[in-house]
1. From the set of residues in the range 61-102 that are open to solvent by less than 20 Å² (accessible area, probe 1.4 Å) and acidic (Asp, Glu), which is modelled with the lowest pLDDT?
2. Can you tell me which residues in the range 109-126 are in contact (Cβ under 8 Å) with a residue 12 or more places away in the chain and either among the basic types (Lys, Arg) or open to solvent by 30 Å² or more (accessible area, probe 1.4 Å) (or both)?
3. Given the conditions (1) at pLDDT below 85; (2) open to solvent by 20 Å² or more (accessible area, probe 1.4 Å), which single one is not true for CYS169?
4. Would you check if PRO48 is at pLDDT below 90, at negative phi and of a type outside the set (Val, Ile, Thr)?
5. What are the residues in the range 149-167 that are over 29 Å from ASN130 (Cα atoms) and free of Cβ contacts under 8 Å to residues at least 40 places away in the same chain, if any?
6. Identify, please: which residue in the range 127-166 is touching a strand residue (DSSP E or B) at 6+ places or on another chain (Cβ under 9 Å) and closer than 14 Å to TYR100 by Cα and is, among those, surrounded by the most Cβ atoms within 10 Å (Cβ to Cβ)?
7. Residues that are touching a residue at least 60 places away in the same chain (Cβ under 8 Å) and farther than 17 Å from SER126 by Cα: find the strands (runs of 3 or more DSSP E) completely inside the range 31-104 holding 1 or more of those.
8. I'd like the full set of residues that are part of a loop (DSSP other than H, G, I, E, B), farther than 24 Å from ARG84 by Cα and over 12 Å from the mean Cα position of the chain (by Cα), limited to the range 123-158.
Amino acid sequence: MAMAELAAHLLEYARRSAPWMPVILCGTDYLGTLSIVSGRSMQPTFNPSWPQSRDVVLLDKWSARRRQYQRGDVVVIQSPCAPRELMTKRVLGLSGDWVYKRGSNRELLHIPAGHVWVEGDNAENSNDSNSFGAVPAALVQAQVRFKVWPLSEASYVERRVPPRERVICTGDDMRYRQ
């Protein structure tokens, strides 16, 4: 195929695809998208063989916008320390909860209204709420629903309810008490 012919095909494809671009962009901004998880803070849930491989996950942005995540769900947050970076963490506590901070002093902290407490699964290698405190719920960008890659590990990302000795929940959330 000659270059001119190839260019004509590409222009025709672009012309036919252009009307769908707003729909595609809206879908990736508001509904969901695929993303790569890098780093060790969520091991062994993600990247068990870091740095040899990185996991690919399906993000649910719609649920995060509606704040439908619960304790134990994995979410993607905008870093409170470096706003251009995204972090993958597990929700440990919600607004109104009391959380025992990780570490030797086990300080008890109250999570203010409109905030969440997030932690990485790998306590030894996680920059999380134990370092920077509760984060505004508005920083939650997406909920991680499905691990897509590597194919041998493809599965739903399970919710792991935090241990009762770490979280004292408020009386309004009876689901946690059952």
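1. So the residue we want is ASP97.
2. If the condition is that a residue be in contact (Cβ under 8 Å) with a residue 12 or more places away in the chain and either among the basic types (Lys, Arg) or open to solvent by 30 Å² or more (accessible area, probe 1.4 Å) (or both), then LEU109, HIS110, PRO112, ALA113, GLY114, HIS115, ASP121, ALA123, ASN125 are the ones that fit.
3. (2) is the only condition that CYS169 fails.
4. On the way: at pLDDT below 90: yes; at negative phi: yes; of a type outside the set (Val, Ile, Thr): yes.
Here the answer is yes, as PRO48 does meet what is asked.
5. Correct list: LEU151, SER152, ALA154.
6. SER129
7. 32-37, 55-60, 98-100
8. Passing the criteria: PRO150, ALA154, GLU158.
The values are calculated or read from the model by the stated rules, or taken from the named source; none is laboratory data. A quick note: this is a predicted structure, and the numbers were derived from the prediction, not measured. Note: ideal-geometry Cβ built from the backbone for every residue, glycine included; neighbour counts use all protein chains shown. Keep in mind that these areas ignore ligands, DNA and RNA; they rest on the heavy atoms of the full protein, side chains included. Shrake-Rupley method; radii C 1.70, N 1.55, O 1.52, S 1.80 Å.
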